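Notes follow once the structure below has been shown.
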Amino acid sequence: MTTTTHDFSGRTLLLTGAVGTIGREIAKRFLASGANCVVTDLDLDAVTSFARDLDPNLERVLPLKHDAGMPEDAERVAQAAKDRFGAIDFVVTSAGLYKDAMVETMTDAQWKQSLAVNLDGVFYTCRAAIPHLAEGGSIVNIASVAGHRGSFAHAHYAAAKGAVLTFSRSLAVELAPKIRVNAVSPGLIDGPMVQNLLQMTGTKLIEQTPLKRLGKPEEIASVIAFLCSSDASFITGASLHVNGGLYISS
Amino acid sequence: MSSHAGRVALVTGAGRGIGRAIADSHAAAGAAVAYLDHDRELAETAAREAVAKGWQAVGLSADVADYEAVVEACRKVTDAFGPVDILVNNAGISPKTGADGRRSPAWEMSPEEFRRVLDVNLTGAFNCARAVLPGMKAMGRGRIVNQSSVAGKTFCDIVGVHYAASKAALIGFTKHLAGEVGPFGITVNAVAPGRIDTPLMRGTASEANEAARMATPLRRLGSPEDVAATYLFLTSDSASFVTGQVVDVAGGWLMT
């Protein structure tokens, strides 16, 4: 059995945080499904090199520098997407920042930086994209299990992700019925982001996961592709957990 | 599309409405599908029409509330196609025995009606899972998806207390079962549809459906195909790391 595939040809994805572990798989999946991909990241060299790996002539991939916490960057990338491909069909906010800090000793700067990337960046990107969104379009914001459950030593991250969930629902109502807005909450996904956590906690978290393994970034990308596709045309304002059962909530 | 080639699916309540759409979508995706329905005529017609389209299908009749009948039906599926990989617990009833085709209020509902709804909607799902899980466990894979409802998560004025309770119970059933069987490579999820245009729904007053439509941000009722597409996603490899979850397919209605 293979994953279901979708035809996104002629449609355009605006993806932030594109060189992250999950971001890369999202870009690959949408490109393989025929979409044009505007891939943005804080690291322009990395995202340009990634884009050239995907599409050597950059025919369907446009790499751009994007500091998620900067509203003018969001405006610039949304305008560039519109100028290059005509409209935006899908927005996926994958840019995120996950750093360890206990509340008691967290500095104002640490708090503000986390909120800027994880929350403000989602607002800026969505706001900038809205005027260019094609009817039938879909926004998927990447939240986290931390946004539902909270997270030891990551209160700033968890607070921002919780806010992303309620932001997404609010936006779903504002943009209905023409545009759908949903959130995806990954659990522990194999990649650099979870290495610290696994070193601290050992195998405990995997043992607590009913599927007894980490998720693969492709398993997030496939869920996002579903939510963007017409198969999910009656799904809006929803949040979908992808965590192997680690956190079983409503 | 052959995303489900080689898979064997058992869909309960497959004679019409959402169940029929789920069964058809799986058959079209390459699965061999058992169309199970309490109504033999509906089950056999649906399966015959599926076969006519070149799909692999068999029609079976059983009352899911009857464990022995479910076991017998599963044996027939296994004989025809092999062990069940995918179980869709969709069979459900929502009696509207009050005035003007509305729900019976709790203070007037007969205990027999309450019990029958729980027997079909909840115990039926257990009976089917009980029958197929040993086979799934032996294969080291499986997908179970249970038909819940937004009415199982919040107050919904259209349905009766029995239906709401049964759909809420299916959520607990889903979450617990996901934890138990995850280590064997089996995922268990639920779908919570909003207002879907089905024969069951047309049994209720049209004003209630219009009110639901206006309360739904997408400003329409869902179609059986909308719900079926989510089932096809949850039973595919696209959802391989999704388990223990409830997916709302409600057009933003209630946002439970």
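Odds and ends about this structure:
- Cα Rg over Rh - the stretch A:1-119, Kirkwood: 1.04
- Sequence-distant aspartates and glutamates (8 or more away, or on other chains) whose Cα lies within less than 20 Å of B:LYS137: A:GLU207, B:GLU72, B:ASP79, B:ASP85, B:GLU180, B:ASP237
- Accessible area buried, both sides summed, chains A and B with 1.4 Å probe, Å²: 3500
- Cα long-axis angle, helix A:44-54 against chain A (0 to 90 degrees, to the nearest 10): 70
- Set of aspartates and glutamates with alpha-carbon distance to B:LYS167 below 14 Å, sequence-local pairs under 8 removed: B:ASP119, B:ASP248
- Under the combined filter of DSSP loop state and at most 12 neighbouring Cβ atoms within 10 Å, the stretch A:38-77 retains these GluC sites (Glu not before Pro): A:GLU59.
- Solvent exposure of the stretch A:12-242 as accessible area per residue, Å², 1.4 Å probe: 39
- With the gyration tensor restricted to C-alpha atoms of chain B, the semi-axes of the equivalent ellipsoid amount to 28, 19, 19 Å, longest first.
- When only the Cβ of Lys, Arg, Asp and Glu is charged (+1, +1, -1, -1), the dipole of chain A relative to its Cα centre reaches about 460 debye.
- Summed residue charge, Cβ within 10 Å of A:ALA153's Cβ, Lys/Arg positive, Asp/Glu negative: 0
- Pairwise Cα inverse-distance average, inverted: Kirkwood Rh of the stretch A:12-242 (Å): 17.6
- Normalised contact order of the stretch B:8-237, rounded percent, pairs of Cα under 8 Å and 6 or more residues apart: 20
- Diagonalising the gyration tensor over the Cα atoms of the protein assembly as shown and scaling each eigenvalue by 5 before taking the square root yields semi-axes of 39, 24, 23 Å, largest first.
- Per residue, the accessible area of chain B comes to 37 Å², computed with a 1.4 Å probe over protein heavy atoms only.
- Of all aspartates and glutamates in the structure, the ones whose alpha carbon falls short of 14 Å from that of A:LYS178, not counting any fewer than 8 places away in one chain, are A:ASP89, A:GLU135.
- Overall Cα dimensions of the stretch B:167-255, principal axis frame, Å, largest first: 47, 26, 23
- Entry note: the stretch B:67-146 has Rg to Rh equal to 1.13, where both radii use alpha-carbon atoms and Rh is the Kirkwood radius.
- The fraction of accessible area contributed by carbon and sulfur in the stretch B:8-237 is 54 percent, rounded to a whole number (1.4 Å probe; ligands and nucleic acids excluded).
- Loop-located chymotrypsin sites (Phe, Trp or Tyr not before Pro) in the stretch B:134-187 (DSSP state not H, G, I, E or B) with no more than 16 neighbouring Cβ atoms inside 10 Å: B:PHE155.
- Too-long pairs where the Cα-Cα distance tops 28 Å, listed order kept, from A:LYS112/B:LYS153; A:LYS82/A:LYS112; A:LYS216/B:LYS175: A:LYS112/B:LYS153; A:LYS82/A:LYS112
- Acute angle (nearest 10 degrees) that the helix B:124-139 long axis makes with the longest principal axis of chain B, alpha-carbon atoms: 20
- Calculated FRET value between A:SER170 and B:VAL161, using beta carbons and R₀ = 22 Å, to 0.05: 0.10
- With all protein chains in place and a 1.4 Å probe, the accessible surface of the stretch A:132-199 carries 54 percent carbon and sulfur.
The values are calculated or read from the model by the stated rules, or taken from the named source; none is laboratory data. Predicted, not measured: the structure shown is a model, and the values here were computed from it. Positions of Cβ are generated from backbone atoms using ideal geometry, with glycine treated the same way; all protein chains shown enter the neighbour counts. The accessibility values were calculated without ligands, DNA or RNA, using every heavy atom of the protein model including side chains. Shrake-Rupley method; radii C 1.70, N 1.55, O 1.52, S 1.80 Å.
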